[in-house]
1. Just to verify a result, which residue in the range 20-36, among those that are over 16 Å from residue 116 (Cβ atoms) and of a type in the set (S, T, N, Q), is surrounded by the most Cβ atoms within 10 Å (Cβ to Cβ)?
2. Of the residues 80, 90, only one is on the phi > 0 side of the Ramachandran plot and either hydroxyl-bearing (Ser, Thr, Tyr) or open to solvent by 30 Å² or more (accessible area, probe 1.4 Å) (or both); which?
3. I need the full set of residues from the range 20-37 which are in a loop (DSSP other than H, G, I, E, B) and not aliphatic (A, V, I, L, M), in order please.
4. Consider the range 99-108. How many of its residues are closer than 13 Å to residue 163 by Cβ and open to solvent by 10 Å² or more (accessible area, probe 1.4 Å)?
5. Looking at (1) out of contact with any strand residue (DSSP E or B) (no Cβ under 9 Å at 6 or more places or on another chain); (2) surrounded by 13 or more Cβ atoms within 10 Å (Cβ to Cβ); (3) over 30 Å from residue 30 (Cα atoms), can you tell me which one residue 126 breaks?
6. Taking only the range 5-19 into account, find how many residues are in a strand (DSSP E or B) and open to solvent by 30 Å² or more (accessible area, probe 1.4 Å).
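The values are calculated or read from the model by the stated rules, or taken from the named source; none is laboratory data. Every value quoted in this text rests on a predicted model; they were computed, and no experiment measured them. Heads up, the Cβs are rebuilt from the backbone with ideal geometry, glycines too, and the neighbour counts pull from every protein chain shown. Ligands, DNA and RNA are stripped out before the accessible areas are found, and what is left, the full protein with its side chains, is counted by its heavy atoms. Shrake-Rupley method; radii C 1.70, N 1.55, O 1.52, S 1.80 Å.
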Amino acid sequence: IEEHSNIAKSYYFKSETELAYFKAGQYLTFKLEIGNSVVTRSYSIASSPASALNGEYQITVKRIADGFVSDYILDNWAVGDKVTAYAPEGNLTYCPLRDAENIVAVAGGSGITPFLSLARAIDQGEEDCTLTLLYGCRTSDEILFKAELDSLSAKNEKINVIYVLSHSEEEGYEKGFVGADIIKKYAPEGNYSIFVCGPGGYAMSFVMAWLI
């Protein structure tokens, strides 16, 4: 278990059996018993697909207001615990037959995880596309995996990371929310596909604003 500035934790899972391979951008669905309730929650896989070949998955859980399941996980899961999860699934993946070679990814908060997986996969040669990552947070303190994202962006020309802060003005960061102006400023020339991941309201409001 890895803590991230008291706002989130990454959990690394090992299995007694061989783990299923996955595509960057897919998620795991967990089954939990909390008190008298049985619930399921899905979390994007943050690790690269190659991690499955090494017998490991990684997810990241961020604390949210009144988060019934996230609070339970963050306060109770401990090293050595056994959890139940279904095999990876989901369609937020790069598909050459459907998507442009250039991906513009819009992430909000903990929605960074599927794009971290994609960035790792690109860097390791598992995906053949370029990634322009527009990562929106309230302040710089809430940016997850910044050191690794900066490193990937610096060493790999196929990966470009831009941070957008909505609640503070800081040198080296864009100010405001990710919208058409930010996308047009940083999107590569030619065709590109837009992927969006973040809190439900964030993702839907962004998509609607972009379509309008």
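1. Taking the range 20-36 as the starting set, the residues that turn out to be over 16 Å from residue 116 (Cβ atoms) are 20-21, 29-36.
With the extra rule that they be of a type in the set (S, T, N, Q), the set shrinks to 29, 36.
Working: 29: 15, 36: 5.
Ranking the candidates gives 29 first.
2. Values: 90 fails: either hydroxyl-bearing (Ser, Thr, Tyr) or open to solvent by 30 Å² or more (accessible area, probe 1.4 Å) (or both).
Only one candidate passes the filter, namely 80.
3. Our first condition is that a residue be in a loop (DSSP other than H, G, I, E, B); within the range 20-37, this holds for 20-26, 35-36.
Hits for the range 20-37 are 21, 22, 23, 25, 26, 35, 36.
4. 0
5. Status for residue 126: all satisfied but (3).
6. Taking the range 5-19 as the starting set, the residues that turn out to be in a strand (DSSP E or B) are 8-13.
Checking the rest, the ones that are also open to solvent by 30 Å² or more (accessible area, probe 1.4 Å) come to 9, 12-13.
Total satisfying the criteria: 3.
Yes or no, residue by residue, for (1) modelled with pLDDT of 95 or more; (2) surrounded by fewer than 15 Cβ atoms within 10 Å (Cβ to Cβ); (3) touching an Asp or Glu at 6+ places or on another chain (Cβ under 9 Å):
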{"site": "116", "(1), (2), (3)": "yes, no, yes"}
{"site": "119", "(1), (2), (3)": "yes, no, yes"}
{"site": "147", "(1), (2), (3)": "yes, yes, no"}
{"site": "157", "(1), (2), (3)": "yes, yes, no"}
{"site": "163", "(1), (2), (3)": "yes, no, yes"}
{"site": "184", "(1), (2), (3)": "no, yes, no"}
{"site": "192", "(1), (2), (3)": "yes, no, yes"}
{"site": "204", "(1), (2), (3)": "no, yes, no"}
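To keep it simple, each residue is scored yes or no on (1) of a type outside the set (S, T, N, Q); (2) under 20 Å from residue 33 (Cβ atoms).
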| residue | (1), (2) |
| --- | --- |
| 59 | yes, yes |
| 65 | yes, no |
| 74 | yes, yes |
| 81 | yes, yes |
| 86 | yes, yes |
| 91 | no, no |
| 96 | yes, no |
| 99 | yes, no |
| 106 | yes, no |
